[in-house]
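Data block below; observations after.
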Amino acid sequence: MCWMGSQGGHLERKEPLPCALCVDVVVMRLREPWDWTWCSASGVLKPRKNVMKDLHQEVVEVPVKAFCLHYLPGIRDSVALDSTHKTILQSEAVVDASWKDFSQPPASCEDLNFQRLVRIVDQICHICGTQSNAERTVKFACRPHNTTASEIEGGSFKSDGIFYLANSSVPPYIGTANYQEWFSADVVGNAEFKLKDTPAEVHKNRGQVVGGATRYIANDPRRTHMYSLTIEKDSCRLWYYCRSHCVKSEAFSLSTDIRSFIHFVISISFATEEDLGFDPTIRRRRNEDNTIYYEYKLNHTVYKTLSLISEHPAAAITGRGTRVWRVEVLDGTGTGTGTVRVLKDYWVDDVPDENGQCITENLILTKIYRRLDELKNLSPSDEPSLTDIPEAEREVVLRALQNYRDYFVNISSCETLKATKDICSGSRCCSVIEESRVSLGEVQHPRSFLRRRHCRLLYDEECTAFYAIDNLEEAIQVLHDCVLGLQLLYLAGFVHRDISPGNVLLHRHAGGCNGKLSDFEYAKPFSRDDPVARDPKTGTPGFISVEVYLQDYLYLPRSAKREINGPIPFSFNFLHDMDSVLWITLYLFATRTLLNDAIDVTKTRNIFHLHFSYMFTPQRQFVFMKPLSSIESLCKLYAATYPSPSYAIAGRSVFELLCDVTESLGSDFEEVEKSLEKLGNAKSYSAIYGPVRETIDKLLGWAKGLPSKHLHFVYGRPPGSPPGDVPPGDSEELPPAIKKARKDQLRQCRELIRKEPDDQDDGSSGEMTKRQRTDDDMEEYMDLSSGTHAYCSASLRAEEAAHSYRLVSQAGRGIS
């Protein structure tokens, strides 16, 4: 999570802050109002395609009647549906038990068909409103050639039809003449209509409706859920989206199933804003300069948004929907008090603890604090984790323990709000395109659709994310405090599970600065025998531990694996958090240099793409499994790229110290994973922190003695920078040689995977056997010492590339 860095009005979408080493997704631009374009190593990626792929396991199908009763807003007048249906059947709109307008052949012009649909909706609402004396809150319009206006740059979208609020939620303009506008913020549901039901048209229609809904939800902080309508020839479906799951109804005939369509129209057209998916605790307001801001209510106090610090709009609709704002506290009259805080708005899995409370970040941090308070009052001899470390290290840890709150963000207020709907009984697995096949109960490994609960937190400190730090001494100080904070978590018996440059923060204060750990959403007590049942691969792409990604203990002897009949349950341990610290450290020196250094940007860019990627790469596993040889080669690349003598510490280079860190962690992994018993014993991890912190202390002493500590972003857009403010030498495109090498490698991988059968050995999978067999061969094709262009000049051996590709396919794409 980023806490600081974006400048100016928060309603202008800037480049997304690079919370991870995303080489495949370096920057995102909204170049067209109805499409996203990603700069990627694999080419341009269209969000509609990605959204439909990400929703593959997030969609269920239910019968039409169940959809109407469970997901649609309740009809306030239960008689209204029956009476409206009866009146419609007796009207001229229906002929031979079907809509008159749709009993005719479709018009060649789509606009004429849209007009027919508008007439039908208006007639239904007119009859229902007259009979029940109800005021219509939502209207329907077909505007296939026009976009809706958005307060967020690039947030506009085209839809064939939209259900929109009759009374706009967007405040009127100040000081200028108001004019008729169609706002994305007022769209309750979108509709897409195709005259044919061919597979191509169905695919296009579903992509458009889901892509539009994703955009509407992602761009509006007030959204809790949303609806859609798709029509392909005569086949009609209803859609519902929320943060926990997405639903589509079974297909029904638009022309003959009149009652179902009437039920949908009445439910949408006469519902309250809250029932339609607008959060009543958030209000949209307008500044005097006509920019939009929001007022959030948290525990009876109102906060005005000043700027958007960070947001994580997932490619799929389901997710946490995290937004972090810089806010000002308002008094009872709505006047600003000048007090600035940080507010986090997100959705958390609605899982209760032993006391029945929803497990929020605040609750997790409270449990950690409670345990650390207990340790403060204990003698060091009473805590086994402190008796096995050197005395000097013990003194450092005990001092940190007395002021442990300095190493974590402090939450001053927390509130849990409404939860999403439970999944409807009788739901069946499906995808956006395909029809339902089996019920959830018949799936071998069913997706667990847990409810998500809306949660809001308030932080006292305003911090800077690690990737936004431009001072070398401050960056290394944050790494030092990060390791110390993780050691305190170890004493409390917790693993963080999402260490990344967005969750490691810098807090500047009158006495100097210090590092803090944040984002404890995924933190949990350590227990190897209690693996997480749902979504175990937590972490940030680019910084996630290699073992966590592969869901395997790579150093564990095969003899130990044979002790268990079946796969070994994988769970996160303390070394995996430290592994993420290593990647953050390498990231610091791979993407930044001291401002006075004259460097070769091309070489730097090659280092970045060779060792850091959004997807898992053979190089990552090689660094993990062969730390000495790989880091030694990496240091040679660094030395060629950063020739400045300022990168020397007592006769050794900075990069040799990084080699020490990697060697230390590699030895720790090998020692801990000697047996399953050691792997599950928390005491086995007590010595993993000291050596890493000692090395970082040397780096910190070196940084303090430098005449200039200002860092230059040699690759990647600096966080918070406006579009176009690119550092000299930066480019959004990957080097052509790397793009070609990756394309060739992927092609060879796929060819070999299709041809090669799985080989079994001692009960292990073919993929695992191949990995163990080829570890010894990695140095042959990972010849990094030959120069920075080694990877560009020759792609990896096809067999080893295929092996890595198969491992990735086996592990899946379930990173949170």
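Tabulated values for the structure
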| quantity | calculated |
| --- | --- |
| Test: residue in the stretch 305-322 that is outside any loop (DSSP other than H, G, I, E, B) and surrounded by fewer than 20 Cβ atoms within 10 Å (Cβ to Cβ) | yes |
| Output for the stretch 478-494, where each listed residue is open to solvent by 10 Å² or more (accessible area, probe 1.4 Å) and under 25 Å from the mean Cα position of the chain (by Cα) | F494 |
| Top-ranked residue of the stretch 677-708 - restricted to ones that are among the charged types (D, E, K, R) and open to solvent by 20 Å² or more (accessible area, probe 1.4 Å), ranked as farthest from E395 (Cα to Cα) | E677 |
| Pairs where the first residue, in the stretch 668-696, is part of a loop (DSSP other than H, G, I, E, B) and the second is among the β-branched types (V, I, T), C-beta under 9 Å, 6+ apart | N681/V672; S686/T387; S686/I389; A687/I389; I688/V672; Y689/I389; Y689/V397; Y689/V483 |
| Candidate set from the stretch 190-241 (those that are more than 22 Å from I292 (Cβ to Cβ) and small (G, A, S)); member that is modelled with the highest pLDDT | S228 |
| Selection count where residues are surrounded by fewer than 19 Cβ atoms within 10 Å (Cβ to Cβ) and modelled with pLDDT under 90, scope the stretch 58-80 | 5 |
| Residues satisfying the stated conditions in the stretch 515-539, i.e. at pLDDT 55 or above, surrounded by fewer than 18 Cβ atoms within 10 Å (Cβ to Cβ) and under 22 Å from the mean Cα position of the chain (by Cα) | P536 |
| Matching residues, the stretch 492-527, being over 20 Å from F543 (Cβ atoms), in contact with a Lys or Arg (Cβ under 8 Å, 6 or more places away or on another chain) and not in a strand (DSSP E or B) | A492, G493 |
| Single residue of S269, S310 found to be small (G, A, S) and modelled with pLDDT under 90 | S310 |
| Residues located in the stretch 231-254, provided they are of a type in the set (F, W, Y) and open to solvent by less than 10 Å² (accessible area, probe 1.4 Å) | W239, Y240, Y241 |
| Residues located in the stretch 162-220, provided they are in a loop (DSSP other than H, G, I, E, B), aromatic (F, W, Y) and either within 15 Å of I317 (Cβ to Cβ) or touching a Phe, Trp or Tyr at 6+ places or on another chain (Cβ under 8 Å) (or both) | W182 |
| Among the residues listed as V44, V51, the single one being closer than 19 Å to G211 by Cα, modelled with pLDDT under 85 and in contact with a helix residue (DSSP H, G or I) (Cβ under 6 Å, 6 or more places away or on another chain) | V51 |
| From D275, D257, residue being within 30 Å of L195 (Cβ to Cβ) and surrounded by fewer than 19 Cβ atoms within 10 Å (Cβ to Cβ) | D257 |
| Helices (runs of 4 or more DSSP H) lying entirely in the stretch 356-412 (those with 2 or more residues that are at pLDDT 90 or above, within 19 Å of E694 (Cβ to Cβ) and open to solvent by 40 Å² or more (accessible area, probe 1.4 Å)) | 391-402 |
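The values are calculated or read from the model by the stated rules, or taken from the named source; none is laboratory data. All figures in this text were calculated on a predicted structure; none of them were measured in a lab. Reconstructed Cβ throughout: ideal geometry from the backbone, glycine too, with neighbour counts over all protein chains shown. Surface areas here come from the heavy atoms of the whole protein model, side chains and all, with no ligands, DNA or RNA. Shrake-Rupley method; radii C 1.70, N 1.55, O 1.52, S 1.80 Å.
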